[in-house]
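In what follows, a single structure is set out as structure tokens and then discussed.
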Amino acid sequence: MRSLNSLWLTLLFSTNQPSLAQPKYNQVSKLRLNYSTSTSHLDDESGFTGIQFDFNAKARFSRQWQAQFEALLEESEYEENNRRHIKQAFIKYRAASFDISAGKQIFSWGKANAINPVDVVTPRDYTISRPFLSDQRSGVESIKIDYYATPTFSTTVAAIWKHEPSTIHFPGNDQVDYIVDDSTNVNTASPQWVLRTRHYHDDLDWSLYYYRGHNLLPEAFRTNQSDNQPNNPSIHFQYPEVRIAGFDLNYVFGRNSLKMEFATNHPTANNNNFGMPSFDALVVGLSHHLQQYLILDIQWTTRYSKDDSLNNNLTELQQHAMQLNQFIYQVPKTHNSGMTIKLENQWLHETLFAEWYAHHHFVDNSTFEQLIVTYRYRENIKLTLSNQRYHGEKSSLYGSLKKNQNTYFEIQYTF
């Protein structure tokens, strides 16, 4: 799909087409100065300043043709956080009953809050210290067709030619080497497929999903241990092929909103006895407007593994590999339940915004919490202060991430 991004550039700079006689173009640029107390890489480094430039451009060439480009440039005192990245670059053709878009584009799916079992197409960078979900997302090279059968029913089919995995935290270990096989991060011989049907009418919005392709998260699939080798024993990771089916819905009644999201995850092959088995994930939540801007959101979350026979006859290294898989996929036992709470409010004519969010795992009594306070000083100047905390035993899902506890401050200038 190397030609997809070049198509976007061709349309953006072409002036010979008569349909582009009155093009419309707008762009938003953001300069973000920030300070972070953590690198978010599970290390002991602390206290870094950085600067980031975000660029987002949209162009409409005619009623049918439009394009979008989004990129960022980040420089940090912590060199591993330096990034030069194109997040999106695609063209779109709009007809009466369907849209076709091609290029690098983001699929932001799921209606639950923060935890989205059906959001399995767009990768995230979980090592980013900034607290905003939009900073984590990045697009995938794909062709997408949206067909609108009726004003309230649509079907989306997408083919993805390049697998782009998520970036995650790996707990440090001086005695074991972690080797990630990134061979799937190339143009694949056959595309990965995504299918979604969506119905939206009045107060009810629901969707069905199906995905067949590589997982965004890595899985430990092989160990290498020999008494004669000079190096540490190693655990090898890959991005397995999976089949994922699920649904989501959002139902609004009065001052309340009921949200539900479910996905069942099936690996297409499992050639060892410590890899992740098939599992189901479910999120059910209720959002309530206590006041005009004061909103309380509570969710119950669960993940259920369909095989509890993986703990037998494993070597110590294989046990460690299995524990890493349980950490990555947040299924430390056959069943893991939890809950999330989010409380948000606005003041001072919608210039001051605060949000507190917490996620608790019942299985190991570990908790993540985050506080974000944003103040819009002027129309184009925004200040953000956030704090992230992890609680629990050192071996727990969130307790193992305590080195990533972070206080973040940002000044953002939009022009």
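Quick notes on this structure:
- Size of electric dipole in the chain: Cβ of Lys, Arg +1 and of Asp, Glu -1, about Cα centre, debye, nearest 20: 1600
- Simple spin-label estimate for Thr152 and Ala354 in nanometres, 7 Å along Cα-Cβ: 4.1
- Here the Debye sum runs over all C-alpha atoms of region 106-173 as equal scatterers in vacuum, and log10 of I(q)/I(0) at q = 0.22 Å⁻¹ comes out as -1.07.
- Residue order, fewest to most surrounding Cβ atoms within 10 angstrom, among Phe107, Phe98, Phe253: Phe253, Phe98, Phe107
- Residues Leu343, Leu217, sorted so that the one with the fewest Cβ neighbours within 10 Å comes first: Leu343, Leu217
- Extending 7 Å from the Cα toward the beta-carbon at both Tyr93 and Lys30 defines two label points whose distance is 3.3 nm.
- In this structure, the residue pairs whose Cα-Cα separation is over 19 Å, taken from Lys111/Lys403; Lys24/Lys92; Lys104/Lys382; Lys382/Lys402; Lys306/Lys333; Lys306/Lys402, are Lys111/Lys403; Lys104/Lys382; Lys382/Lys402; Lys306/Lys402.
- If R0 equals 45 Å, the separation of the Cβ atoms of Arg255 and Glu79 corresponds to a calculated FRET efficiency of about 0.40.
- Extension gain, Ala71 to Ile168, is 32.8 nm, computed as 0.36 nm per intervening residue step minus the present C-alpha separation.
- MRE, 222 nm, helices only [DSSP H, n ≥ 4, -39500 (n - 2.57), over the chain, to nearest 500]: -2000 deg cm²/dmol
- Residue-by-residue Karplus 3J(HN,Hα) for region 322-333, coefficients 6.51, -1.76, 1.60, Hz, glycine and proline x: 5, 5, 5, 4, 5, 5, 5, 9, 6, 10, x, 9
- Residues in region 67-77 carry Karplus couplings, in order, of 8, 9, 9, 9, 9, 9, 9, 10, 10, 9, 4 Hz; the curve used is 6.51 cos²θ - 1.76 cosθ + 1.60 with θ = phi - 60°, and Gly or Pro positions show x.
- Residues Ser142, Ser62, ranked from the fewest to the most other C-beta atoms within 10 Å, line up as Ser62, Ser142.
- Once the chain from Val176 to Ser108 is taken as fully extended at 0.36 nm per residue, the excess over their C-alpha distance is 20.9 nm.
- Between Leu208 and Asn365, the contour length at 0.36 nm per residue exceeds the Cα-Cα span by 53.2 nm.
- Checking every one of the trypsin sites (Lys or Arg not before Pro) in region 312-405 against DSSP loop status and a limit of 10 other Cβ atoms within 10 Å picks out Lys394.
- Of the GluC sites (Glu not before Pro) found in region 19-95, the ones in coil according to DSSP and having at most 16 other Cβ atoms within 10 Å of their Cβ are Glu45, Glu77.
- Cβ-Cβ distance of Asp43 and Leu133, R₀ of 25 Å, FRET efficiency by 1/(1 + (r/R0)^6): the value works out to about 0.60.
- Based on the convex hull around the alpha carbon atoms, the chain presents an average projected area of 22.5 nm².
Coordinate-derived values only; no laboratory data. In this text, all values refer to a predicted model and were calculated from it rather than measured experimentally. Methodologically, a virtual Cβ is constructed for each residue, glycine included, from the backbone with ideal geometry; neighbour enumeration extends over all protein chains shown.
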